[in-house]
1. Could you tell me which numbered condition residue 202 fails, if it satisfies all but one of (1) touching a residue at least 40 places away in the same chain (Cβ under 8 Å); (2) under 17 Å from the mean Cα position of the chain (by Cα)?
2. Within segment 108-122, how many residues turn out to be crowded, with 20+ Cβ neighbours inside 10 Å and outside any loop (DSSP other than H, G, I, E, B)?
3. Going by what's in this entry, would residue 9 be described as over 18 Å from residue 93 (Cα atoms) and either charged (D, E, K, R) or buried (at least 17 other Cβ atoms within 10 Å of the Cβ) (or both)?
4. Write out, first by first residue and then by second, each pair whose Cβ atoms fall under 6 Å of each other, whose residues are 6+ apart or on separate chains, and whose first residue, in segment 51-74, is in contact (Cβ under 8 Å) with a residue 24 or more places away in the chain and closer than 16 Å to residue 87 by Cβ while the second is β-branched (Val, Ile, Thr) and assigned to a helix (DSSP H, G or I).
5. Based on this model, can you work out whether residue 47 counts as buried (at least 19 other Cβ atoms within 10 Å of the Cβ) and not assigned by TED's automatic domain parsing to the domain that holds residue 160?
6. Condition first: part of a helix (DSSP H, G or I) and either hydroxyl-bearing (Ser, Thr, Tyr) or more than 22 Å from residue 31 (Cβ to Cβ) (or both). Now tell me which residues in segment 70-81 satisfy that.
7. Here is a list: 150, 188. Which entry is without any contact (Cβ under 8 Å) to a residue 24 or more places away in the chain, in contact with a helix residue (DSSP H, G or I) (Cβ under 8 Å, 6 or more places away or on another chain) and of a type outside the set (D, E, K, R)?
Amino acid sequence: MKIEGISHVLLDIEGTTCPVSFVAGTLFPYATQHLGAFVESNRGDATVAELLTATEETWKQDNNQEAQQLLAEPGADVIAYLQLLIKQDRKLSELKDLQGLLWAKGYASGDLKGPLFADVAPALRRWHQQGAVLAVYSSGSVAAQQLLYGHSTEGDLRSLFSHWFDTRTGAKQEVASYRAISEAMGVGGSKVLFISDSLLECEAAHAAEMQVLFSDREGNPGRDNGPFERIRSYEDLQVNP
């Protein structure tokens, strides 16, 4: 497959460069298991303390029924609220930052490695060598993205990427987010190839004039590619200016 007129490749992560199961099946359970001990042993750290304070303020304003019931319990602790957020798969930025700090320890110890699909690292190296600018856009924090690519099953690949974007840029299903990314990279949308396993994300990127491929990997929960061309491997994908 050859895509013409491309100078930048923007990649999602889950279901695109690594299995969807890694986050739900490995990272989240790791955080659930170790977060309490991590918070208890790092409450004196200024960064952790600031994140916990912000989380407690969010908890007080959280209208979720389970969150309010938890808050009303005697001796309620912020760790229990963090665990509830993980269980409910809610995207609080402070939780993401705490998870990132915890995962950093897990990656550094070798307990965690980013399991990339076999064709991904060779393709990244090939595109980079050919002069394409590589970027990441994921719902996981930039810190979590860099941990995954820095401790991947194929080694440290961070130097291949020039840009990192998370939901601080904007929601992944919003057209404005992709326009903001194009602006941040200093390139017109038509020069960007976006690859994702989410049809809604593909539609938003396409509306922002990006070229789009729908990632259809084994194990992905969503297989509806809509009007977009499917891609199952990057082995033969060529991107040309």
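1. Residue 202 satisfies every listed condition except (1).
2. Matching residues across segment 108-122 total 2.
3. Yes.
4. 55/78
5. no
6. 72, 81
7. After applying the criteria, what remains is 188.
The values are calculated or read from the model by the stated rules, or taken from the named source; none is laboratory data. Just so it is clear, the model here is predicted, and its values are computed rather than measured. Don't worry about glycine lacking a Cβ; one is built from the backbone with ideal geometry, like all the others, and counts go over all protein chains shown.
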